[in-house]
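Below is one structure. I have some questions about it.
The values are calculated or read from the model by the stated rules, or taken from the named source; none is laboratory data. Being a predicted model, the structure only gives us computed values, none of them experimental. Note that we place each Cβ from the backbone using ideal geometry, even for glycine, and neighbour counts take in every protein chain shown.
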Amino acid sequence: MSQPVAPSINESADEPQPRKDAFHYTVVSVERSNGPDGAPGSDWYRYVIEKPGSPITGYRRGKKSDVMAYISECMGQLEERMQSGKAPRARGRKPKEQINAQAKEQTAAG
């Protein structure tokens, strides 16, 4: 499996430029921001990554280079999930049939 490629940054303008390497996701924006819901600190960034029609907005605290590395890692994980067809939250879930059977048992017992 290939290593994630960091999103490109136009250093002269200090603005991220969308890039479509191995990812279906691209970086739309990374900008300095207040923390989410008034979180303390002045080193927050608000970022937006997007797969066509599906934007994801997040906040990350730290140096811009660290934030960009984090975004690249997230994009790689999202790509892996897309390729596997499974979201992490789906792992370990009970099958729908098992949930329905348990509900029927509880209804019959009560």
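Suppose we keep only residues that are exposed (fewer than 12 other Cβ atoms within 10 Å of the Cβ) and at pLDDT 70 or above within the stretch 81-97. Which one would you say is farthest from G58 (Cα to Cα)?
So the residue we want is E97.
Here's another thing I want to ask about it. If P40 satisfies all but one of (1) loosely packed, with under 12 Cβ neighbours inside 10 Å; (2) modelled with pLDDT of 95 or more, what's the number of the condition it fails?
All conditions are met except number (2).
Still on this model: For the stretch 37-54, give me the residue count where each residue is assigned to a strand (DSSP E or B), in contact with a strand residue (DSSP E or B) (Cβ under 9 Å, 6 or more places away or on another chain) and more than 13 Å from I71 (Cβ to Cβ).
Number of matching residues: 2.
So, one more: Just checking, does the stretch 63-80 include any residue being farther than 13 Å from H24 by Cβ and not in a helix (DSSP H, G or I)?
yes
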